[in-house]
Amino acid sequence: MECVFGLVGDGFALVVADTSAVHSILVHKSNEDKIMVLDSHKLLGASGESGDRVQFTEYIQKNVALYQFRNGIPLTTAAAANFTRGELATALRKGFPGVSDFDLGCFCYDKETGPSLYYIDYIATLHKIDKGAFGYGSYFSLSMMDRHYHSGMTVEEAIDLVDKCIIEIRSRLVVAPPNFVIKLWTKMVQGIAWRNLSRILVVHLQLNI
């Protein structure tokens, strides 16, 4: 019962994912981080089969780093999203197993264009959006965001909306994930928070721009 969702606010991009690694009726882990850090200003949230998801997101991460190493400049948000979309489309056409179950979201902050969010679905269709969700939890988080989201949200408003979405998922989804990880990217600061049933742990890291 995976759930990944995110939104763009006033000067920041935020992404949330459950931390459960499950197969059939078994829970293997409850601290799986499904949000890959591509570089200092880019995140990639993904859902799908655990092994294929990790392999594909790590492949994207290393190729984004390789581009920056070769050319001396990082990919923009749009370029990283289009590269990811192209690699997923190629994998689908070559019939690689597992990739047909992917949903991906690329969340970033560019110094020139500000925060942005791109959604890539399981057939490698790319859309730029302000808010989005995928996985079973999207049935509830999308409705909450449709009601409460507005452009220019502050960080406090966005965190409050995230908590509303998590509460709705836990109360409505038949097998709801107990733990969530939240990652917040701005121009100067990246924040990481873990939401579980009993406590909240928040870590802030300063970036050198």
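Looking at the structure I just gave you, is GLY45 within 28 Å of LYS111 (Cα to Cα) and either outside any strand (DSSP E or B) or open to solvent by less than 70 Å² (accessible area, probe 1.4 Å) (or both)? Considered against the rule, which asks whether it is within 28 Å of LYS111 (Cα to Cα) and either outside any strand (DSSP E or B) or open to solvent by less than 70 Å² (accessible area, probe 1.4 Å) (or both), GLY45 comes out as yes. Search region 48-101 for residues being farther than 17 Å from ILE123 by Cα and among the polar types (S, T, N, Q), and hand back the single one that is surrounded by the fewest Cβ atoms within 10 Å (Cβ to Cβ). The selected residue is ASN71. Scanning region 126-163 for residues that are farther than 28 Å from VAL22 by Cβ and among the charged types (D, E, K, R) yields LYS128, ASP130, ARG147, GLU156, GLU157, ASP160.
A count restricted to region 129-169 and to residues that are touching a residue at least 24 places away in the same chain (Cβ under 8 Å) and of a type in the set (Asp, Glu) stands at 4.
Restricted to region 120-209, the set of strands (runs of 3 or more DSSP E) holding at least 3 residues that are open to solvent by 30 Å² or more (accessible area, probe 1.4 Å), at pLDDT 90 or above and closer than 30 Å to THR90 by Cβ comprises 126-129. Inclusion of THR90 among residues that are part of a helix (DSSP H, G or I), within 30 Å of LYS164 (Cα to Cα) and at pLDDT 85 or above is not warranted.
Does CYS108 satisfy being open to solvent by less than 80 Å² (accessible area, probe 1.4 Å), over 23 Å from LEU38 (Cα atoms) and not β-branched (Val, Ile, Thr)? No, not satisfied. Listed here are the strands (runs of 3 or more DSSP E) enclosed by region 1-41 that have at least 2 residues being farther than 25 Å from CYS108 by Cα: 21-23, 26-29.
The values are calculated or read from the model by the stated rules, or taken from the named source; none is laboratory data. What you are looking at is a predicted structure, and each value in this text was computed from that prediction instead of being measured. All Cβ positions, glycine included, derive from the backbone under ideal geometry; neighbour counts span all protein chains shown. Keep in mind that these areas ignore ligands, DNA and RNA; they rest on the heavy atoms of the full protein, side chains included. Shrake-Rupley method; radii C 1.70, N 1.55, O 1.52, S 1.80 Å.
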